[in-house]
Amino acid sequence: MVNIPESLTHTDLAGFWHAVQSRLERNGPESRGRMRLPHLSSTCRLTLESLTDKKLKTTVNLEDVESGLIRLEVGEDLAGALGALGFPVSDKRSKRLAARDAAAEARAAARAEADEWNEPWVDEWFAEVVRTGLLAGLTTNEAVNLVNSTRRVVETLATGADDMNGAPLSRVELAAKLFGSAHALDPGTRLERAATRALDLLVPEDDGRGPWERAGAHFDLVSGPALTWNLRVASDHVLHDAVRNSNMAGVPFLFTQLALREHPLQGDPRTPVLAVENPRVLENAVQQSSSVSVVCTNGNPSRAVQLLLEQLVDGGVDVRYHGDFDAAGLSICSRMYDAGLTPWKMDATDYERALLVAEAEGVDLPFDKHSSGATPWCPDLQVVFNHQRRIVHEERLLGEILDL
């Protein structure tokens with residue numbers, strides 16, 4: 001047990017010990033040299049002069065303080081003695097410096113690995129990997145592995161890899177093939193984010209598909225199907241009977257991306273199709289046995305929904321779109337407009353009428369903290385919405401949406 005002289009634990013000396021503690025935490029536990037003295041009582045000054053065996057003025061040499069504390073066996077060094085006196089020196093700075101050095105080492109090693117990659121865009125890719133924090137917290141081996149794994153993904157797809165049946169490779173299959181886990185390239189993982197950016201640079205032409213599809217890999221072809229009701233399908237189409245039977249049974253029909261790729265639809269140009277954002281609108285059409293053909297995007301449209309709408313528009317079908325009057329819904333509507341759909345009852349007049357109805361019914365509509373982007377099909381809508389910021393969900397408009 002350390003036998004600490006009572007004079008060193010005097011409350012008047014707390015300010016001095018705290019100042020030394022802060023100095024070591026700021027500059028490192030090995031920091032010494034002279035330090036300006038805080039205000040000291042005459043008693044404390046005498047204590048420090050006795051400890052250092054020096055006459056003190058405005059500063060004190062920390063080496064002298066350390067020597068005195070070691071002589072009195074308070075600690076083996078200055079930091080240890082401070083801990084014994086109740087002022088332990090935190091190693092946060094040392095850890096922070098060590099982490100910084102480790103990060104720099106990992107980044108340098110990853111950069112060296114990237115330099116072995118003979119791609120003209122690798123500098124741009126690596127800069128973005130660093131900027132977006134994909135290397136943050138990785139060890140040197142992990143950082144190098146991220147670069148190497150990304151390179152394996154890109155080079156595998158660049159060679160035109162197919163599955164065992166000669167079909168385009170799925171992303172989950174690619175992950176299992178290269179890394180042993182079907183989830184290695186799941187959305188949001190570091191590797192998926194790094195590889196997505198690399199593939200975007202590898203095949204930069206934006207043809208409406210994502211970078212993975214452009215490079216020859218799809219995520220999967222059966223999830224996120226397009227929910228439809230009463231869709232007209234040509235009599236010679238392989239799915240005609242299935243869709244007709246589903247309609248007759250009062251059951252919505254699901255088109256997978258796989259089905260749409262293998263058997264593209266050619267809709268009836270004489271019959272308009274209504275695309276809506278929310279499943280409840282389609283559900284309402286089913287419950288009413290509505291003759292309207294409806295496709296539900298279910299929020300942001302999946303690739304299957306996008307593919308179905310593309311095929312309908314390309315076939316000359318008048319596809320109309322309705323969604324929520326909120327910033328997110330107007331953003332989706334804008335994308336649908338760019339894809340060739342016609343916004344349906346989605347102009348400024350429709351929005352203002354919905355606000356008046358809510359007011360008359362005493363309904364306090366929720367406020368949207370986000371502003372709307374451009375609404376090119378009706379520029380006034382952006383102005384009115386950003387002034388009001390009141391959200392009108394499709395479900396409040398069920399009575400009029402299906403009135404084509």
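No lab work stands behind these numbers, since they all come straight from the coordinates. Quick caveat, the model's predicted, so the values are computed rather than measured. Positions of Cβ are generated from backbone atoms using ideal geometry, with glycine treated the same way; all protein chains shown enter the neighbour counts.
Of note:
- Using a Förster distance of 22 Å, the FRET efficiency for Leu97-Ala19 (Cβ separation, nearest 0.05): 0.55
- Percent of Cα pairs in the stretch 206-324 per distance bin of 5 Å, from zero to the largest separation: 2, 12, 21, 26, 21, 11, 5, 2, 0.
- Percentage, to the nearest whole number, of Cα pairs in the stretch 6-47 over 13 Å apart: 54 percent
- The calculated Kirkwood hydrodynamic radius for the stretch 226-401 is 16.7 Å, given to one decimal from all distinct C-alpha pairs.
- If you wrap the Cα atoms of the stretch 308-391 in a convex hull and average its projected area over all directions, you get 5.5 nm².
- Computed over the stretch 127-284, the percent of Cα pairs more than 27 Å apart is 42.
- Sparse-neighbourhood loop sites, GluC sites (Glu not before Pro) in the stretch 167-236 - DSSP loop, at most 16 other Cβ within 10 angstrom: Glu205
- Of every Cα-Cα pair in the stretch 94-218, the percent that sits beyond 22 Å: 36 percent
- Note on the chain: dipole from Cβ charges, positive end direction compared against Ala136, Ser372, Gly180; the farthest Cα belongs to Ala136.
- Dimensions of the stretch 61-134 from C-alpha coordinates, computed as largest minus smallest value along each principal axis and given longest first, are 66, 19, 17 Å.
- In a simple Cβ point-charge model (Lys, Arg +1; Asp, Glu -1; nothing else charged), the stretch 6-90 has a dipole of about 480 debye relative to its Cα centre.
- Sparse-neighbourhood loop sites, trypsin sites (Lys or Arg not before Pro) in the stretch 300-404 - DSSP loop, at most 14 other Cβ within 10 angstrom: Lys369
- Distribution of pairwise C-alpha distances over the stretch 283-346, 5 Å bins, in %: 4, 17, 26, 27, 19, 7, 0
- Solution diffusion estimate, µm²/s, Stokes-Einstein, the chain, Kirkwood Rh from C-alpha pairs, 20 °C, viscosity 1.002 mPa s: 78 µm²/s
- For the stretch 226-401, the dipole from Cβ point charges (+1 on Lys and Arg, -1 on Asp and Glu) about the Cα centre works out to 260 debye, to the nearest 20.
- Couplings for the stretch 255-263, taken from phi via the Karplus curve 6.51 cos²θ - 1.76 cosθ + 1.60 with θ = phi - 60°, read 9, 7, 5, 4, 5, 6, 6, 6, 9 Hz in order; Gly and Pro are left as x.
- Rg followed by Dmax, in Å, when the stretch 1-154 is reduced to its Cα trace: 24.3, 73
- Where GluC sites (Glu not before Pro) fall in DSSP loop in the stretch 331-404, at most 16 other Cβ within 10 Å: Glu361
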